[in-house]
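What follows is one structure encoded as structure tokens, with my remarks underneath.
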Amino acid sequence: MAPTRDEQHWMYRNMVTSRKFEETIAGIYFEGKTPVFSMADGPIPGEMHLSDGQEPVAVGVCAHLNADDVVTATHRPHHQAIAKGVELNKMAAEIFGKATGLSGGRGGHMHLFDADVNFACSGIIAQGMGPAVGAALSRHMQKKPGVGVAFVGEGAVNQGGWHEAMNLAATWNLPFVCVIEDNAWGISVPKEDSTAISNNADRAAAYGIPGIRVADNDPFAIYEAAGEAIRRARAGEGPSLIEVETYRLAGHFMGDAEGYRPEGEKDALFAKDPIPKMRATMLASGVATEAELDAIEAESTARVEAAITFARESADPAPEDALTAVFA
Amino acid sequence: MNVPNERKLTIARAMAEAVAQEMRVDDGVFVMGEDIAALGGVYGNTRGLLDEFGSERIRDTPISETAFIGAAVGAAQDGMRPVVELMFVDFFGVCFDAIYNLMAKNTYFSGGNFKVPMVLMTSTGGGYSDAGQHSQCLYGTFAHLPGMKVVCPSNAYDAKGLMTAAMRDDSPVVYMYHKSLQGMGWLATEPGATVHTPEESYTVEIGKAKVAREGRDVTIVSVGMGVHHALNAAAQLEADGVSAEVIDLVSLVPLDRDTIRASVAKTGRLIVVDEDYMSYGVSGEVIASVTEHDISVLKAAPKRVAYPDVPIPYARVMEQFCLPNPEKIIAAYQEMNAA
């Protein structure tokens, strides 16, 4: 099942918005951090994990979701948040640590929470699995529509908690989908040095559920695989596992010298950048004109710039607000 | 004391009754854990629930604490009120991320936009030669980390009311029940824990300590099993003409510092009894609550009767040597006055 024209436009828009967001963050991130890099300084302090290159996974999956569906994301969450519909101004403000942010500055970029679209993050590897399975359990028990989707990286499958949650979801036949973004690197450790098998979708056999691996970061193939997984979940047919071969065009974090990358790897990945590739595909198939895609790019840029301006111009939280919201 | 129409329950039955009553009125409440369905919980606290509510709401889990406690976080955030069991508190090692990085932090990290209304029940305590992976209390470990309330009943009345309060709380509550108070036939139970427990549903306020016994000369503060050691010691001290006040903390988080301070202001002497490890824990926190506030109320340096900083041994004589008991409390009082 291929995405419709409108869906393709939506996917392209969200990929471009995400990339523009990351590029803008990257440009601002080093403000105040030169000439000597200090992570604590500048308008965006702390670690920053950018998702450049991984956009097809987020849009290919979230094209099938609505606000009621529950997504848990990773320490690298921006593309997933944007595709899930997290409010962009509040998200930018949270990343700037401002009072107007999603959590008033308590969470930051690894802890984005938007109750309006059922989106949550954890900065701990594989630990979004349990809550996404729990959301699926909640919908199942309450007989309410909605699926739980956990995005994880390929490194997460080697965590015990990943296995526990997969087994629980399968044992209870829950409306759950695990999406593995295989960007080939766990910080500096390549997948083949950390993982006994090359195709993590094969692990689905251990739980008696379908598993599929999507090659080459293809947004259309991701869309198709996710469509079937989410259809199954909504129909009460149980969980599915999807692994996507995707590309980490950035370092693990901003400031990562990436000395561990083989020479030429990044050039090869940039040559396969999914955004110009999708643009070319849409033009070739005739689902969009140059003018339409240019307009999407311009609108996305304007939206990101407005969000960043909102974040920059927002006030810092009152320091003593750190002492609030510990309990409900 | 004889109470007309007295209805004595064990803590195990009181907990199960509270859960059943809440499940009848709130469809969002359900129970997950290992051996909590057909077996009714290793410590009896879910007995009878499967028969009444069925396996959809009383869910035996795989031995996967990270998954089912994490799932409880997700279900709680999605509007349900899960009650989950960590069979022994010692098992926190396999699942603490779900507890302190998710359950305890998601409310804060969401700026209050996500609520995590769940109860994590867990058994504590030793004294029956189960050694150091099945006998710890770890009160301080859980109470130290912000974002979760922590309660520890010493008797069935409080056990029922605290459980009801915990299930109705919009924040996560860690409910720590002591094995030696539970009322299991195969494990000796402190008789003072099995008390009159009203049949109707009621709550005991979380964060409010109780004066378990009034006195004038010394304040003995404890929680859970330690309250019974303190009451036992107080009865013996009374024979020697010493009037001991016993404070049952009931909750560790929030800690009712006002009740502790008011008592010590009256008695001038403080002994803390804690079956958890001595250092960096509840006993130090209770003493600091007094000394930071007004050290001048103290007539003597405070004393601690706590578990020494060693893993819990198996051999009976070794474990009993380490555990708090009434004799150690009396000795602490005597040392306090000899100084």
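Since every read-out is calculated from the coordinates, none of them should be taken as a lab result. Note that the structure is predicted; figures quoted are calculated from it, not measured. Don't worry about glycine lacking a Cβ; one is built from the backbone with ideal geometry, like all the others, and counts go over all protein chains shown.
With a Förster radius of 30 Å applied to the beta-carbon distance between B:A38 and B:R316, the computed FRET efficiency rounds to 0.40.
Placing unit charges on the Cβ atoms of the charged side chains and taking the dipole of region B:92-198 about its Cα centre, the candidate lying farthest along the positive direction among B:P191, B:M163, B:P153 is B:M163.
Charged side chains reduced to their Cβ positions (Lys and Arg at +1, Asp and Glu at -1) give the protein assembly as shown a dipole of some 1220 debye around its Cα centre. Dipole orientation for the protein assembly as shown: of the candidates B:G79, B:V253, B:I330, B:I330 has the Cα lying most toward the positive pole (charges on Cβ; Lys, Arg +1; Asp, Glu -1). Sorted fewest first by neighbouring Cβ atoms within 10 angstrom, B:T194, A:T246 come out as B:T194, A:T246.
Let a ≥ b ≥ c be the square roots of the eigenvalues of the Cα gyration tensor of region A:238-323; is it rounded (a/c under 1.5), or, if not, prolate (a/b larger than b/c) or oblate?
It comes out oblate by the Cα gyration axes.
The helix-based estimate of mean residue ellipticity at 222 nm for chain B, built from -39,500 (n - 2.57) per DSSP H run of four or more residues and divided by its residue count, is -10000 deg cm²/dmol to the nearest 500. What the Kirkwood sum gives for the protein assembly as shown is a hydrodynamic radius of 26.9 Å, with every pair of different alpha carbons counted. Cross-link partners of B:K179 among lysines, defined as those whose alpha carbon lies under 25 angstrom from its own and excluding same-chain residues fewer than eight positions apart: B:K8, B:K149, B:K160, B:K208, B:K210, B:K328.
Would you list B:R13, A:R312 from fewest to most Cβ contacts within 10 Å? Write out the running numbers ahead of the final one.
Details: B:R13 21, A:R312 13.
Arranged by neighbour count, lowest to highest, B:R13, A:R312 become A:R312, B:R13.
Converting phi to 3J(HN,Hα) with the Karplus coefficients 6.51, -1.76 and 1.60 and the offset θ = phi - 60°, region B:215-232 yields x, 10, 9, 7, 9, 10, 9, 7, 8, x, 4, x, 4, 6, 4, 5, 5, 4 Hz in sequence order, with x at every glycine or proline. Using only Cα atoms, tell me the angle between helix B:156-168 and the longest principal axis of chain B; keep it within 0 to 90° and round to the nearest 10. On a 0 to 90 degree scale, this one is about 50. Working from label points 7 Å from Cα in the Cα-to-Cβ sense, the B:V211 to A:A306 distance is 6.3 nm. Angle of helix B:65-77 to the longest C-alpha principal axis of chain B, folded into 0 to 90 degrees and rounded to 10: 80°.
Candidate cross-link partners of A:K143 among the aspartates and glutamates, defined by an alpha-carbon separation under 15 Å and a same-chain spacing of 8 or more, comprise A:D68, A:D69, A:E237, B:D27, B:E56, B:D78. Only the Cβ atoms of Lys and Arg (+1) and of Asp and Glu (-1) were treated as charged; on that basis the dipole of region B:210-338 about its Cα centre amounts to roughly 180 debye. For A:K144, a cut-off of 22 angstrom between C-alpha atoms picks up these lysines, skipping any fewer than 8 places away in its own chain: A:K84, B:K115. Applied to region A:243-248, the Karplus parametrisation 6.51 cos²θ - 1.76 cosθ + 1.60 on θ = phi - 60° returns per-residue 3J(HN,Hα) values of 10, 10, 6, 10, 10, 9 Hz, with x for Gly and Pro. Near B:V29, the amide H atoms lying under 5 Å from its own belong to B:R81; only residues 5 or more places off or on other chains count, and H is placed 1.01 Å from N.
Note on A:S194, B:S283: ascending count of other Cβ atoms within 10 Å places them as A:S194, B:S283, the fewest first.
So what is the calculated 222 nm ellipticity per residue for chain A, using -39500 (n - 2.57) for each DSSP H run with n of 4 or more, over all residues, to the nearest 500 deg cm²/dmol? Present the calculation step by step, with values, prior to reporting the outcome.
Numbers: 11 runs with 137 residues, N = 328.
The helix-only estimate for chain A comes to -13000 deg cm²/dmol at 222 nm.
Close amide-amide hydrogen proximity is noted between B:L252 and B:V150, B:V151, B:C152, each under 5 Å apart and 5 or more residues distant or on a separate chain (H modeled in the peptide plane; Pro and chain starts excluded). Computed on the Cα trace of region A:1-83, the radius of gyration divided by the Kirkwood hydrodynamic radius gives Rg/Rh = 1.09. Amide H contacts under 5 Å for A:C121: A:A73, A:L112, restricted to partners 5 or more places along the chain or on a different chain, H placed in the peptide plane at 1.01 Å from N.
For the ranges A:115-128, B:86-99, what's the packing order if you count other beta-carbon atoms within 10 Å of each residue, average per peptide, and put the highest first?
Most protected by this proxy first, the peptides run A:115-128, B:86-99.
Measuring from a point 7 Å past the Cα of A:S285 along Cα-to-C-beta, which residues in region A:55-87 have an amide N at less than 16 Å? Inside the label zone: A:56-57, A:59-64.
Checking the a/c ratio against 1.5 first, then a/b against b/c, what shape does the Cα gyration tensor give for chain A?
rounded
Backbone geometry of region B:310-317 corresponds, through the Karplus equation with coefficients 6.51, -1.76 and 1.60 at θ = phi - 60°, to 3J(HN,Hα) couplings of 9, x, 7, x, 7, 4, 3, 5 Hz, x marking Gly and Pro.
Computed extension length for A:R5-A:E299: 104.0 nm, one decimal, from 0.36 nm per residue of separation with the Cα-Cα distance subtracted. Does region B:36-126 classify as rounded, prolate or oblate by the C-alpha gyration tensor (a ≥ b ≥ c root eigenvalues; a/c under 1.5 gives rounded; else a/b over b/c gives prolate, otherwise oblate)? Judged from the Cα gyration tensor, region B:36-126 comes out oblate (a/c at least 1.5, b/c at or above a/b).
FRET efficiency for A:A268 and A:S194, Cβ-Cβ distance as r, R0 = 35 Å, nearest 0.05? Once rounded, the FRET efficiency stands at 0.95.
Taking 0.36 nm per intervening residue step and subtracting the Cα-Cα distance, what contour gain separates B:E238 from B:D26 on full extension? Answer, rounded to one decimal: 71.6 nm. For region B:210-338, the normalised intensity computed at q = 0.15, 0.19, 0.21 Å⁻¹ comes to -0.63, -1.01, -1.22 (log10 of I(q)/I(0), Debye sum over alpha carbons, equal scatterers, no solvent).
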